[in-house]
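Only one structure is covered here, and it is reproduced in the block below.
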Amino acid sequence: MTTTENKIPFAGLGPEAILDAVESQGFHCTGALQALNSYENRVWQVGVDECAPLVAKFYRPGRWSDAQIAEEHEFTAAMAAEELPVVTPLAIDGRTLFAHGGFRFALFPRQGGRAPEFDRAETLEWMGRLMARLHIVGARSRFTLRETLDLASFGKVPRDWLLASGLIPRELESVWAGVADQALDAVAAAYDRAGSVAQLRLHGDCHAGNVLWTADGPHFVDFDDARMGPAIQDLWMLLSGEPEEMGRQFGHVLAGYEMFREFDDRELQLVEALRTLRLIHHAAWLARRWDDPAFPAAFPWFATRRYWEERILELREQIAAMAEPAIAARPSW
């Protein structure tokens, strides 16, 4: 089943519809519902009889096709088969994607945990080990339908969409466009410096909110942004601070990563370039979703002049950052 995107994409997805969808797969719901933090999709913890609560994820209409979602589910299943700590959708009668009442959804076991402490060396090394194992699985085959993270999809397309949207204040539009073009030129130069780096299946959005830490270590959740791209995309969001500090942190990541998989140092040229693409893509993501009532309520500052002035300053800072040498994660001797 494929649905088309509506002005209000989740209109009609109320408590009764959520419970009916879960019960359509053979569960009996207790009526307990808890909304979980998600804007792109709608995610609910649902109480069910005789077992732990389930997490029901309702996919945004029009974003991914059924086949693209299937590629994500197959990727997580391949990782689970290698005993990687990923949260995978439940398979019922051989299926992981279901449809009910005009919505597509998947069901997941509830996974507890806390936010990871990426400022700890042992945490970064542990993450490095697991990311390497994830990338070993990711490199075994390719996505054929899901997107690739590149200059076009995360930079030029969202740049053009924002300029056509009318959401940038008119008095700032030409300034933002000029700075965005300079930033994308710098991104292209960074890709040229890196050369032809390997592309593999990625988590795609591996920030602290998508990692749950337990006594057994980290668990990866939410592969909704899984796509093809360079390995560094799954690693740079573990880092923070000034370049010297990021280099030190990445040294810990590498200590774990290279226990299982070699890292191509040329990809370090892409850290600030990928950050820049993420910033442009995020602004376009907000603009594309502005007709969803959840977005103006959650991001009221998006439509303000100050927001766009800050984005212009942010891109100028990224242009300067991309002109600096790449972070150094290995000893110079």
- Yes/no for Glu310 being without any contact (Cβ under 8 Å) to a residue 12 or more places away in the chain and either over 20 Å from the mean Cα position of the chain (by Cα) or in a helix (DSSP H, G or I) (or both): yes
- Message: Within the range 71-88, take every residue that is outside any helix (DSSP H, G or I) and touching a residue at least 24 places away in the same chain (Cβ under 8 Å) and give me the one that is surrounded by the fewest Cβ atoms within 10 Å (Cβ to Cβ).
- Response: Glu82
- What are the pairs, 6+ residues apart or on separate chains, where a residue within the range 10-26 that is polar (S, T, N, Q) has its Cβ under 8 Å from a residue that is outside any loop (DSSP other than H, G, I, E, B)? Ser24/Phe98; Ser24/His100; Gln25/Ile92; Gln25/Phe98; Gln25/Leu107
- Pick out the one residue from Val48, Val55, Val43, Val22 that is closer than 23 Å to Ala215 by Cβ and at pLDDT 95 or above. Val55
- Candidate set: the range 200-222, residues that are among the small types (Gly, Ala, Ser) and more than 10 Å from Gly113 (Cα to Cα); chosen: the one modelled with the highest pLDDT: Gly204
- Those residues of the range 188-221 that are of a type in the set (D, E, K, R) and crowded, with 21+ Cβ neighbours inside 10 Å come to a total of 1
- Val197: passes all of (1) at pLDDT 95 or above; (2) part of a helix (DSSP H, G or I) but (2)
- Query: Which condition number does Met131 fail, the rest of (1) over 30 Å from Ala17 (Cβ atoms); (2) surrounded by fewer than 16 Cβ atoms within 10 Å (Cβ to Cβ) being met?
  - Reply: (2)
- Message: Of the residues Asp185, Asp205, only one is assigned by TED's automatic domain parsing to the domain that holds Trp290, among the charged types (D, E, K, R), part of a helix (DSSP H, G or I) and without any contact (Cβ under 8 Å) to a residue 60 or more places away in the chain; which?
- Response: Asp185
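Within the range 239-250, does at least one residue satisfy the condition of being under 14 Å from Val86 (Cα atoms) and outside the structural domain of Ser38 (by TED's automatic domain parsing)?
Scanning the range 239-250, I find no residue that is under 14 Å from Val86 (Cα atoms) and outside the structural domain of Ser38 (by TED's automatic domain parsing), so the answer is no.
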- So how many residues does the range 130-166 have that are closer than 16 Å to Asp234 by Cα and in a helix (DSSP H, G or I)? 10
- From the residues in the range 223-261 that are among the aliphatic types (A, V, I, L, M) and in a helix (DSSP H, G or I), which one is farthest from Glu117 (Cα to Cα)? Ala231
- Message: Considering only residues that are part of a helix (DSSP H, G or I) and surrounded by fewer than 17 Cβ atoms within 10 Å (Cβ to Cβ), which ones fall in the range 282-301?
- Response: His282, Trp285, Ala294, Pro296, Ala297, Ala298, Pro300, Trp301
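The values are calculated or read from the model by the stated rules, or taken from the named source; none is laboratory data. In this text, all values refer to a predicted model and were calculated from it rather than measured experimentally. Glycine also receives a Cβ, built like all others from the backbone with ideal geometry; neighbour counts cover every protein chain displayed.
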